[in-house]
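Input: one structure, supplied below.
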Amino acid sequence: MSDLDGVRAASAKFYAALNKMVNGDSSSMDECWWHEGSVTAMHPIGGRTPGWDGVRESFAGVAHLSTGGQVTLKDQMIQVGGDMAYELGLEDGKVTLAGTPMVIDHRVTNVYRRKDGAWRMVHHHTDISPAMMDVLAKLKG
């Protein structure tokens, strides 16, 4: 398998896990990420989450509030350099978060690292979603 094919496979695995997450189950994220303190996520709900424990918890929190949806990656572009790779694209779809249906239309950057022959995610960054942030603010308020 070429490096590019390896990153594509890692991306497909991540987006399969993301789709399970928007349907209430974040457990597949464990297989997509390196479980290290140096991984990070910047979700559409704002903020920066460092470390695998925090990233896993953030996906689990969204899964707990999600009751249905589908997200696809469009306009994928991948660049590989040694044991690091990045992917750019557009996340497109619909989700229901805390009972509120919303549209997903985010730019995304994902960073992958190869270790022991396996590609896994080390960073996920999307545009902020004011609609998602509003729903979460209402839940806290």
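Out of the range 15-58, which residues are buried (at least 16 other Cβ atoms within 10 Å of the Cβ), among the aliphatic types (A, V, I, L, M) and within 17 Å of T72 (Cα to Cα)?
Within the range 15-58, A17, L18, M21, V22, M29 meet the criteria.
Sticking with this structure for a sec: Select from the range 106-115 the residues that are buried (at least 18 other Cβ atoms within 10 Å of the Cβ) and under 19 Å from G51 (Cβ atoms) and list them in ascending order.
Across the range 106-115, the qualifying residues are N110, Y112, R113.
Can you tell me which condition T72 does not meet? The list is (1) surrounded by 15 or more Cβ atoms within 10 Å (Cβ to Cβ); (2) closer than 23 Å to D30 by Cβ, and all the others hold.
It fails just one condition, (1).
What are the residues in the range 2-14 that are of a type outside the set (D, E, K, R) and either surrounded by 14 or more Cβ atoms within 10 Å (Cβ to Cβ) or on the phi > 0 side of the Ramachandran plot (or both), if any?
Initial filter on the range 2-14 (of a type outside the set (D, E, K, R)): 2, 4, 6-7, 9-12, 14.
Once the filter is applied, which keeps residues that are of a type outside the set (D, E, K, R) and either surrounded by 14 or more Cβ atoms within 10 Å (Cβ to Cβ) or on the phi > 0 side of the Ramachandran plot (or both), the range 2-14 yields G6, V7, A10, S11, F14.
Without any contact (Cβ under 8 Å) to a residue 24 or more places away in the chain, surrounded by fewer than 16 Cβ atoms within 10 Å (Cβ to Cβ) and farther than 28 Å from V135 by Cα: is that true of M84 in this structure?
The answer is no for M84.
Sticking with this one: Take the residues in the range 116-135 that are part of a strand (DSSP E or B) and of a type in the set (A, V, I, L, M); name whichever of them is surrounded by the fewest Cβ atoms within 10 Å (Cβ to Cβ).
A118
Yes/no matrix, rows are residues, columns are (1) closer than 26 Å to R8 by Cβ; (2) in contact (Cβ under 8 Å) with a residue 40 or more places away in the chain:
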position: V62; (1), (2): yes, yes
position: L88; (1), (2): yes, no
position: D92; (1), (2): yes, no
position: L97; (1), (2): no, no
position: T100; (1), (2): no, no
position: R120; (1), (2): yes, yes
position: H125; (1), (2): yes, yes
position: D134; (1), (2): no, no
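Restricting attention to the range 82-103, report how many residues are in contact with a helix residue (DSSP H, G or I) (Cβ under 9 Å, 6 or more places away or on another chain) and among the aliphatic types (A, V, I, L, M).
6
Rule-based calculations on the coordinates, nothing more; no lab input. On a predicted model such as this, the values are computed, not experimentally measured, just so you know. Virtual Cβ from ideal backbone geometry, glycine too; neighbours counted across all protein chains shown.
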